[in-house]
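The values are calculated or read from the model by the stated rules, or taken from the named source; none is laboratory data. Because the structure is predicted, anything quoted here is derived from the model rather than measured. Counting neighbours? That spans all protein chains shown, and the Cβs are built from the backbone with ideal geometry, glycine included. SASA here: full protein model, heavy atoms, side chains in, ligands and nucleic acids out. Shrake-Rupley method; radii C 1.70, N 1.55, O 1.52, S 1.80 Å.
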Amino acid sequence: MAKLEKTLYDTDFDQLLQRIEKGIYDTSVSSSLEESSDFRSGDARCSVRVFERYSYAGGNRVSMNVTLFQGADGVVHLSGITSGGSQATFFKVNTWGEESFLDKLREILE
């Protein structure tokens with residue numbers, strides 16, 4: 001597994017979510033949005049996206065969960081977690097696909 005966490009100030013929640021979705025689609029022809037969920041409670045909101053793509057480096061499929069949370073203060077907290085890139089039965093080996101997928105999210109956020 002690989003993880004990225006960021007706190008983003010002065011960020012439009014909806015524009016960021018759209019940028020992430022489009023950016024992930026544009027990274028690979030095998031990228032797909034597998035599922036999504038959105039919540040609101042008062043001024044707080046949370047969006048969860050689960051993406052998947054084929055990893056040529058690992059020869060398998062890799063998933064990435066992206067969660068955005070915005071509280072009443074307007075600050076956006078982002079968590080991106082990848083998994084599924086290992087080929088071993090008992091130990092994690094060959095996690096290049098997970099890191100590579102997360103790097104695409106890093107690029108989108110720059």
Open item on the list: Tally up the residues in the stretch 18-63 that are among the polar types (S, T, N, Q) and loosely packed, with under 11 Cβ neighbours inside 10 Å, please.
Closed with: 2
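How do the strands (runs of 3 or more DSSP E) wholly within the stretch 25-85 filter down when requiring 2 or more residues that are of a type outside the set (Phe, Trp, Tyr) and closer than 15 Å to Thr11 by Cβ: which remain? Even if it seems obvious, please write down each step before you answer.
Numbers: elements: 32-41, 44-55, 60-70, 76-83.
In the stretch 25-85, 44-55, 60-70, 76-83 are the strands (runs of 3 or more DSSP E) which contain 2 or more residues that are of a type outside the set (Phe, Trp, Tyr) and closer than 15 Å to Thr11 by Cβ.
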- [ ] Starting from residues that are under 12 Å from Ala2 (Cα atoms) and either open to solvent by 20 Å² or more (accessible area, probe 1.4 Å) or of a type outside the set (A, V, I, L, M, F, W, C) (or both), keep the ones in the stretch 95-105 and report whichever is modelled with the lowest pLDDT.
- [x] Thr95
TODO: Just name the residue that is farthest from Gln18 (Cα to Cα) out of those in the stretch 74-85 that are open to solvent by 30 Å² or more (accessible area, probe 1.4 Å) and at pLDDT below 95.
DONE: Gly84
- [ ] Consider only pairs whose beta carbons are under 6 Å apart and that are at least six residues apart or on different chains; among these, list those whose first residue lies in the stretch 1-27 and is under 21 Å from Trp96 (Cβ atoms) and whose second residue is in a helix (DSSP H, G or I) and basic (Lys, Arg).
- [x] Thr27/Lys104
